[in-house]
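Please treat every number below as a calculation from the coordinates, not as lab data. Small disclaimer: the values here were computed from a predicted structure and weren't measured. Here the Cβ is made from the backbone with ideal geometry for all residues, glycine too, and neighbour counts use every protein chain on show.
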Amino acid sequence: MSFRVTGLSAKPFRHLYGLSDIELRKAGVIRYVVGDDGHFPDRVELRDAAPGEAVLLLNYTHQPANTPYQSNYAIFVRDGAHDTYDRVGEIPEAFRSRPMSLRAFDRDHLLVDAELANGHEMEGTIVRLFANDRVAYIHAHFAKPGCYAGRIDRV
């Protein structure tokens, strides 16, 4: 079974790029500059920001459906991120290097199943979840902090 992994569109975040720290704080956003030991996964390009790059920490509604599973949480977006990650059959390195929580939803945006997966075992877990015909899409979350990472769809 083929699957497609996508990051977020940069469009809703572009108005924040390049703002001063004061302007960002007024919008409830915090800027961090990545150090040598930092791991800040950008949700647009689905890669870890490199040392010296700036990331924006902000609240994002990743499950907007009007269901009990409606959800928002903190995410990082690289200041200036542009190209949305969109690949078929490929797991981004930012997922591979971390334990992941995969949450499978049906067409009504209700949780059908969920699995924990080592980043290097994700393909098999994705195939198992999509074996259930009720599963319409999967949300990937970084398991330790619980924050939204990206979306996985059937192809």
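Amide H of residue 87: which non-local residues (sequence gap of 5 or more, or other chain) have their own amide H closer than 5 Å, using H built in the peptide plane?
Hits under the 5 Å cutoff: 5.
Note down the magnitude of the dipole of the range 6-73 about its Cα centre, charges +1 on Lys and Arg C-beta and -1 on Asp and Glu C-beta and zero elsewhere, to the nearest 20 debye.
Details: 7 positive and 8 negative charges, 80 e Å.
Charge dipole, the range 6-73, about its Cα centre: 380 debye, nearest 20.
Taking every pair of alpha-carbon atoms in the range 1-49, give the share separated by more than 13 Å as a whole percent. Numbers along the way, then the final one.
Numbers: 798 of 1176 pairs.
Value for the range 1-49: 68 percent of Cα pairs lie more than 13 Å apart.
What 222 nm value per residue comes from the helices of the chain, counting each DSSP H run with n ≥ 4 as -39,500 (n - 2.57) and dividing by all residues, nearest 500 deg cm²/dmol?
Theoretical 222 nm ellipticity from helices: -3000 deg cm²/dmol.
Taking only Cα atoms and a 10 Å spring cutoff, compute GNM fluctuations for the chain and point out the largest among 131, 81, 104.
131
Fully extended, how many nm does the chain gain between residue 121 and residue 144 (0.36 nm per residue separation, minus their Cα-Cα distance)?
Numbers: separation 23, 0.36 × 23 = 8.28 nm, distance 1.66 nm.
Stretched out fully, the residue 121 to residue 144 stretch lengthens by 6.6 nm.
Binned at 10 Å from 0, what are the whole-percent values of the Cα-Cα distance distribution for the chain, short to long?
11, 40, 34, 13, 2
Give a residue-ordered list of calculated ³J(HN,Hα) values for the range 121-134 (Karplus: 6.51 cos²θ - 1.76 cosθ + 1.60, θ = phi - 60°; whole Hz; x for Gly, Pro).
10, 5, 4, x, 5, 4, 4, 4, 5, 6, 5, 7, 4, 6
Would you grab the residues whose amide H sits under 5 Å from the one on residue 150? Only those 5+ places off in sequence or on another chain, please, with H modelled 1.01 Å from N.
Answer set, sorted by chain and number: 140.
Whole-Hz ³J(HN,Hα) for each residue in the range 135-150, computed from phi via Karplus 6.51 cos²θ - 1.76 cosθ + 1.60 with θ = phi - 60°, x for glycine and proline: what do you get?
6, 9, 7, 10, 9, 9, 10, 6, 4, 5, x, x, 7, 4, 10, x
Multiply the residue gap between residue 6 and residue 97 by 0.36 nm, knock off their C-alpha separation, and tell me the result in nm, one decimal place. Mind showing how you got there, number by number?
Details: separation 91, 0.36 × 91 = 32.76 nm, distance 1.72 nm.
Stretched fully, the residue 6-residue 97 segment lengthens by 31.0 nm.
Along the charge dipole of the range 1-152, which of 129, 35, 51 sits closest to the positive end, that is, farthest toward it, with unit charges on the beta carbon of Lys, Arg, Asp and Glu (+1, +1, -1, -1)?
So the residue we want is 129.
Nothing charged except the Cβ atoms of Lys and Arg (+1) and of Asp and Glu (-1): what's the magnitude of the dipole of the chain about its Cα centre? Round to the nearest 20 debye. Before the final figure, lay out the partial values.
On the way: 19 positive and 21 negative charges, 77 e Å.
Around 360 debye, computed over the chain.
So how far apart, in nm, are the two label points at residue 113 and residue 67 if each is 7 Å from Cα heading toward Cβ?
Reported label-point gap for residue 113 and residue 67 is 1.5 nm.
As a test, work out the antiparallel percent of DSSP beta bridges whose residues both lie in the range 3-154, rounded to the nearest 5.
Values: 38 of 39 bridges.
So the antiparallel bridges amount to about 95 percent of the total.
Residues in the range 54-94, backbone N under 15 Å from the label point at residue 154 (7 Å along the Cα-to-beta-carbon vector): list them, ranges by number please.
none
For the range 26-75, take the convex hull of the Cα atoms, compute a quarter of its surface area, and give me that in nm², please.
Details: hull surface 17.4 nm².
Taking the Cα atoms of the range 26-75, their convex hull projects to 4.4 nm² on average.
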